[in-house]
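The values are calculated or read from the model by the stated rules, or taken from the named source; none is laboratory data. For clarity, every value in this text was computed on a predicted model and none was experimentally measured. Note that we place each Cβ from the backbone using ideal geometry, even for glycine, and neighbour counts take in every protein chain shown. These accessible areas exclude ligands, DNA and RNA; they are computed on the full protein's heavy atoms, side chains included. Shrake-Rupley method; radii C 1.70, N 1.55, O 1.52, S 1.80 Å.
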Amino acid sequence: MSMLEDAKKMLDAAYKYAQIDSETWERLQYPIKTLTASIPCRMDDGTLKVFKSYRCQYDSTLGPCKGGIRYHPNVCRDEIETLAFLMTFKNAAIKVPFGGAKGGICVDAPALSHRENERLSRLYINAYADFIGPDKDIPAPDMYTNERTMGWMYSEYQQIKGGHPRDIITGKPIALGGVPGRTSATGYGGYYALERLLSDKYRQKLGIANKPLNEITVAIQGFGNVGYWFAKKCHDKGLKVVAIGDQFGSCYDPNGLNYQECKNARDAKQPWPSGVMLGIQDILELDVDILVPAAIEGVITAENADRIKAKVIFEMANGPCTLEASKYLEDKGKIVSPDILCNAGGVCVSYFEWIQNRKFDSMTLKQVNRELRHKMHYAADRVIDIAIDTNTSLRTAAYILALKRIGTAIECLGTKNYFKDQ
Ligand code: NAD
């Protein structure tokens, strides 16, 4: 089964509650458009290599499509369409006025030189300049692309189209119209969503109703951008981060770890500075209150789900639990908080950047974090309300919310836009 077919199963449970018509449902089963391009790129040694690349616009009912561009050897059409599908429902669930998109190049990015990376990034924009656009499809960084990549891409787009179309791309350097706080946005946004799960309304469902904040234990798998900022916010707010891990191993201290010492050690390529050393997967099986997979997809599967002891699984990575594992955990009374809510802080701040660029304005870090907190609280509260009202999981509730928003908009647009009269 393709990744996209598998991902679409997440909609099934939401369909009966979302009250959308069958034609809208059918429409959302397929991406609007996927463009592929073979990109010939001159390498530093004078040879020519041809890279496969993709850009998928899954749905644009709620606004221009929005989604990152990733550089990875696994990039293929199915993966890009699946990620564009997830972006469609993430953007709808957190109520930013965007559809969903994703793009990528099949390339081993760390093996490229700086110049090769710049050349390839510019060539990508050359190939897709007429496909994307500030009112059509707005890219952003993803795996192995960053603000420097976005700077090159913006520069290339500007040279092709002229003017100062800063709203074509988000995640840019601040000097080119980026916003402060984009780097911490996904981690901080996740914490703001967690704040609402810990609110009185939902807390008893988590199985940690009577625990004071400083006794709530957290284990975080993945200590890159997302894991680090999430750990920092948890620590600053008084939660106890007892375990941190990456693909080389994990460390555990039931009394709490110093996340900054851990970060300094990892940046210096040193071993974890304290705690008991554990294997890569062991961190997932610790007896903690909140387990935060913040590394890669598919780490919790039917194979290891019965060994997960945490009461709450808080998905900061994209797709860390398979659907089967997620259902198993929920049947066991655990709470799985879904990726399309938990890690939406990044696209939320991208939205702020897009607005800032359209207004030729500039936001302060304080404004960004305040607005981010507000938006994540609002989204999490809506998801929690729906989960309580319909007695469904948080994942199903997030999809109900997103489906309803898209379905209502399609209805208001009139079906003629989508289904030409016979
Ligand atoms: P990153 O590359 O900065 O960090 C990834 C971390 O995961 C690193 O610590 C790495 O060592 C660790 N890791 C990699 N493979 C692992 C493995 N097999 N087992 C355990 N740890 C492993 O990436 P990131 O930006 O922090 O993204 C992490 C996840 O969050 C990804 O799934 C990404 O798609 C998702 N996400 C990121 C953002 C964002 O704004 N960065 C937004 C939404 C979703």
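Which of (1) open to solvent by 70 Å² or more (accessible area, probe 1.4 Å); (2) under 20 Å from the mean Cα position of the chain (by Cα); (3) in contact (Cβ under 8 Å) with a residue 60 or more places away in the chain does residue 4 not meet, given it meets every other one?
(1)
Being touching a residue at least 60 places away in the same chain (Cβ under 8 Å) and within 19 Å of residue 225 (Cβ to Cβ) is the filter here; which residues of region 247-288 pass it?
The answer is 283, and nothing else.
Scanning region 158-179 for residues that are touching a Phe, Trp or Tyr at 6+ places or on another chain (Cβ under 9 Å) and not in a loop (DSSP other than H, G, I, E, B), which turns out surrounded by the most Cβ atoms within 10 Å (Cβ to Cβ)?
If we take residues in region 158-179 being touching a Phe, Trp or Tyr at 6+ places or on another chain (Cβ under 9 Å) and not in a loop (DSSP other than H, G, I, E, B), then 168 is surrounded by the most Cβ atoms within 10 Å (Cβ to Cβ).
Which of the residues spanning region 244-271 are crowded, with 16+ Cβ neighbours inside 10 Å and within 12 Å of the ligand (Cβ to nearest atom)?
244, 245, 246, 250, 262, 263, 266
Mind listing whichever residues of region 68-95 are surrounded by fewer than 22 Cβ atoms within 10 Å (Cβ to Cβ) and under 17 Å from residue 354 (Cα atoms)?
Scanning region 68-95 gives a single hit, 95.
Kindly provide the set of residues from region 36-75 that are within 21 Å of residue 8 (Cα to Cα) and among the hydrophobic types (A, V, I, L, M, F, W, C), ordered by number.
56, 62, 65, 75
Considering only region 334-384, how many residues are assigned to a loop (DSSP other than H, G, I, E, B) and either without any contact (Cβ under 8 Å) to a residue 60 or more places away in the chain or open to solvent by 10 Å² or more (accessible area, probe 1.4 Å) (or both)?
7
How many of the residues in region 306-321 are touching a Gly at 6+ places or on another chain (Cβ under 6 Å), within 16 Å of the ligand (Cβ to nearest atom) and either open to solvent by 10 Å² or more (accessible area, probe 1.4 Å) or among the β-branched types (Val, Ile, Thr) (or both)?
0
Rundown of residues vs (1) assigned to a loop (DSSP other than H, G, I, E, B); (2) out of contact with any Pro (no Cβ under 9 Å at 6 or more places or on another chain); (3) not small (Gly, Ala, Ser), yes/no style:
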residue: 23; (1), (2), (3): no, yes, yes
residue: 38; (1), (2), (3): no, yes, no
residue: 49; (1), (2), (3): no, no, yes
residue: 58; (1), (2), (3): no, no, yes
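Tell me whether region 148-158 contains one or more residues that are modelled with pLDDT of 95 or more and over 24 Å from residue 71 (Cα atoms).
Checked against the condition, which is being modelled with pLDDT of 95 or more and over 24 Å from residue 71 (Cα atoms), region 148-158 yields no hits at all.
Would you be able to tell me the number of residues in region 223-239 that are surrounded by 17 or more Cβ atoms within 10 Å (Cβ to Cβ), part of a loop (DSSP other than H, G, I, E, B) and within 16 Å of the ligand (Cβ to nearest atom)?
1
Which of the residues spanning region 323-333 are farther than 14 Å from residue 399 by Cβ and either open to solvent by less than 10 Å² (accessible area, probe 1.4 Å) or within 14 Å of the ligand (Cβ to nearest atom) (or both)?
Result: 325, 329.
Take the residues of region 140-157 that are within 16 Å of the ligand (Cβ to nearest atom) and hydrophobic (A, V, I, L, M, F, W, C): which is most open to solvent (accessible area, probe 1.4 Å)?
143
Please work out if residue 300 is within 11 Å of the ligand (Cβ to nearest atom), on the phi < 0 side of the Ramachandran plot and β-branched (Val, Ile, Thr).
no
Residue 205 is checked against (1) part of a helix (DSSP H, G or I); (2) open to solvent by less than 50 Å² (accessible area, probe 1.4 Å) and fails just one. What number does that condition carry?
Against the list (1) part of a helix (DSSP H, G or I); (2) open to solvent by less than 50 Å² (accessible area, probe 1.4 Å), residue 205 comes up short only on (2).
Residue under question is residue 26, and the condition is that it be open to solvent by 20 Å² or more (accessible area, probe 1.4 Å), closer than 28 Å to residue 190 by Cα and of a type in the set (Asp, Glu); does it hold?
It is false that residue 26 is open to solvent by 20 Å² or more (accessible area, probe 1.4 Å), closer than 28 Å to residue 190 by Cα and of a type in the set (Asp, Glu).
May I ask you to list pairs of residues, at least six apart or on different chains, whose Cβ atoms are under 7 Å apart, with the first in region 140-165 being at positive phi and the second being among the hydrophobic types (A, V, I, L, M, F, W, C)?
144/109
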